[in-house]
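One structure below.
The values are calculated or read from the model by the stated rules, or taken from the named source; none is laboratory data. These figures come from a predicted structure and were not determined experimentally. A quick note on method: Cβ atoms are made from the backbone with ideal geometry, for glycine too, and the neighbour counts reach across all protein chains shown. These accessible areas exclude ligands, DNA and RNA; they are computed on the full protein's heavy atoms, side chains included. Shrake-Rupley method; radii C 1.70, N 1.55, O 1.52, S 1.80 Å.
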Amino acid sequence: MAVSVSTTASPCALFKPPSIKIPSVFRPWQKVKVGAMSVSPMGFGTWAWGNQLLWGYQESMDTQLQQIFNLALDNGINLFDTADSYGTGKLNGQSEKLLGRFITEFQGGETNDIVIATKFAAYPWRLTPNQFVNACKSSLDRLQIEKIGIAQLHWSTANYAPLQERALWDGLVAMYDKGLVKAVGVSNYGPKQLLKIHDYLKERGVPLSSAQVQFSLLSMGDDQMEIKSVCDLLGIRVIAYSPLGLGMLTGKYTPANLPRGPRSLLFRQIIPGVEPLLISLKEIAEKRGKSIPQVAINWGICKGTIPIPGVKSVKQAEENLGALGWKLRPNELDQLEYAARDSPAKMIQNVFQTR
C-alpha cells in the first residue's frame, strides 16, 4: 500500500547524512512548468542508483546517495528521474526504493513539492492496461508516495510489437484517470510516434506533459531537433537525458584515458571525433569561470530543455548545480553548435527510439 510523503523525519532513521549548502550564487533561477507542476530547470537522474553493470553501484554507496538527495533539495532541485527497471538483477527497482527512503528520511524541511518522474518498462508480458496500472502501484509502494509526479512510458513498442503499443497508451490513461499520477509523459518516442500518442491521449482528455529523449551537444541529429520542434509546437516539455553524453562531455576522458566497463567500447569509438567540441567547451568554460560539464548542461537549459544529468557522487552533484543561475550568450551557443556540427563523431542513437 502506498503511503504519504512524510514532511518530518522518519522515527526509524538511524542517521542524518551531512547536508552541504551550495553558495546562493547558484540559485537565482525560476522553476519551469511541466503540465501544472513547477520543477527546477535541471533535475537529477538516478540510473546509476542500483546499476552494478554499467555504473558499478554497491550498497555501500547509499550513504553518499542520500547526501546527494539532501544536497539537491537543500539547493532547490525538486525533480528526480527514475524507472521501475533501474537496478540490475536482484536490485531491480532499487533506484525507486532509495528515492522512497530518502524522501521519508529527509530532515531538511518540506518534501511536498518533490516531483518524481518514473518510467514504466514495456516488458513483453505487460500486455493490458491493468498490468501497467499494477506496475504503477508497485512503483508507488517502492517510492512511498501517494502520487507519481510524471508517469512515463520508457519506450515505444511500435518498431517490434505494434499491437502492444495500444496497451501502453491505455495504461497511461488508466493511471491518470485513477488519480495515481499527476502527469504523463513518454521516453524515446520519435517525432512521428510522439504526434500519434499526443493526439490519442488528447482525445481521452489526458494531456501529454513531457517527452524524455537523449539530447545534448553530441546528439543534435535531425530526429532530435524535430522532436524538440514538435514538443515546442504542442506545449510538451523536453526532458533531456544523457546531457553529458554518458560522460563524454565532461572533459575527463581522452583516447588514452577511458572509463572502465562497457562504456569504454563506446568511448573508444567516439571520443577521438569530438575534439573540436571539447575545445570549444573548454574555451567557453575558462572565459566564464565554469567547468566543461556546467557549460554543456547550461546549453541544454538554454535550449529550453530540462537536463537530468546522472549523479553518483557528491562532487558530481555540486558541480552540476553550478550549471544553474547563469546563461550562455547567443554567440557562445552558436560557437558550441558549430563545433558540434564540425565534430566528425556523434552519440549513437538509442536503439529504442522510434521515428
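Please state which one of Ser216, Ser264, Ser209, Ser187 is without any contact (Cβ under 8 Å) to a residue 40 or more places away in the chain and of a type in the set (S, T, N, Q). One residue alone meets the criteria, Ser264.
What about Ser95, is it surrounded by fewer than 17 Cβ atoms within 10 Å (Cβ to Cβ) and not in a loop (DSSP other than H, G, I, E, B)? When the stated conditions are applied, Ser95 does not pass them. One residue alone among Leu244, Leu278, Leu258, Leu266 is over 21 Å from Val115 (Cα atoms), out of contact with any Cys (no Cβ under 6 Å at 6 or more places or on another chain) and buried (at least 23 other Cβ atoms within 10 Å of the Cβ), and that residue is Leu244. Total residues in the range 324-355 satisfying the condition of being under 16 Å from Phe215 (Cα atoms), of a type in the set (A, V, I, L, M, F, W, C) and not in a helix (DSSP H, G or I): the figure is 5.
Of all the numbered requirements in (1) closer than 23 Å to Arg260 by Cβ; (2) assigned to a helix (DSSP H, G or I), Tyr57 misses one, and that requirement is (2). Is it the case that Arg341 is open to solvent by 70 Å² or more (accessible area, probe 1.4 Å) and closer than 26 Å to Gly45 by Cα? In short, no. Scanning the range 98-114 for residues that are surrounded by fewer than 23 Cβ atoms within 10 Å (Cβ to Cβ) and part of a loop (DSSP other than H, G, I, E, B) returns Gln107, Gly108, Gly109, Glu110, Thr111, Asn112, Asp113, Ile114. Thr82: of a type in the set (S, T, N, Q) and open to solvent by 10 Å² or more (accessible area, probe 1.4 Å), yes or no? Judged against the criteria, Thr82 is not a match.
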